[in-house]
1. For region 1-109, what does the alpha-carbon gyration tensor say about shape, rounded, prolate or oblate, given a ≥ b ≥ c as the root eigenvalues, a/c under 1.5 as rounded, and a/b over b/c as prolate?
2. About the Cα centre, and with charges only on the beta carbon of Lys, Arg (+1) and Asp, Glu (-1), how big is the dipole of region 25-158? Nearest 20 debye, please.
3. With the Cα gyration tensor of region 148-200 giving a ≥ b ≥ c as the square roots of its eigenvalues, does the rule (a/c under 1.5 for rounded; else a/b larger than b/c for prolate; else oblate) give rounded, prolate or oblate?
4. Report, in deg cm²/dmol and to the nearest 500, the calculated mean residue ellipticity at 222 nm for the chain, where each DSSP H run with n ≥ 4 adds -39500 (n - 2.57) and the sum is divided by the residue count.
5. If we restrict to alpha carbons, what Rg and Dmax does region 19-200 come to, in Å?
6. Within a 10 angstrom radius of the beta carbon, how do M148, M1 rank from fewest other beta carbons to most?
Amino acid sequence: MFELPDLQYSYDALEPYIDAKTMEIHHDKHHAGYTNNLNKLIENTYIKDKFIEDILSNISEQSIAVRNNAGGYYNHSLFWKIMSPDGGGEPEGELLQVVNDNFGFFDGFKDEFSKIANTHFGSGWVWLVIQNDKLIISSTSNQDNPLMDITEQKGFPILTLDVWEHAYYLKYQNKRADYVSAWWNVVNWKEVSNRFNNIK
Ligand code: MN
């Protein structure tokens, strides 16, 4: 049984960048829906007691429904954690150095990530992934993610952005680029750095 994780901040904590209504619906309805569906789908199956990471890394053995809902469960759990009302700015220390080494400089990284977010066609996610010894930016469709064995760009995700319309439509309507540029103000670089430091 997977449990819907609580937000570590209030629905309105990310205002004005992400509005309270969007956070409430996104967490309480969308994420809750993926979590409940996943639990129903795997009830009485051999994967019901597995870690989510193990399910994802063997997702090719599962149905499309499990793939969509296991991804939706994991991706949103990560998304809430890598945002914070005290976010924004730049990473510090070794992560900043590695971002600079991989992308030239921090603004270059932001530009490339934003460009992929703005041009990803349809619903999906944008990722900063540790792949072997380097950092790469990638995107996935629907609820796929870099931990899945069916994904082209595999690795360990340390940062992600939800570009489904449900993530921004109430406030930004069709203007995804405005949502993406606002989102940088709430990125929790401390958490992203923790993920980076714990895996490398
Ligand atoms: Mn979402």
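Any read-out appearing in this document is the output of simple, stated calculations on the displayed coordinates, not a laboratory observation. Predicted model, so just to flag it, every value in this text is computed and none were measured. Glycine gets a Cβ as well: all are built from the backbone with ideal geometry, and neighbour counts include every protein chain shown.
1. Numbers: a/c = 2.91, a/b = 1.46, b/c = 1.99.
Cα axes put region 1-109 in the oblate bin.
2. Details: 10 positive and 18 negative charges, 111 e Å.
With Lys and Arg at +1 and Asp and Glu at -1, about 540 debye.
3. Numbers: a/c = 3.66, a/b = 1.53, b/c = 2.39.
Since a/c reaches 1.5 but b/c is at least a/b, the shape of region 148-200 is classed as oblate.
4. Taking each H run of at least 4 residues, the total per residue is -13000 deg cm²/dmol.
5. When restricted to the Cα atoms of region 19-200, Rg and Dmax are 16.1, 50 Å.
6. Numbers: M148 22, M1 9.
Going from sparsest to densest Cβ surroundings: M1, M148.
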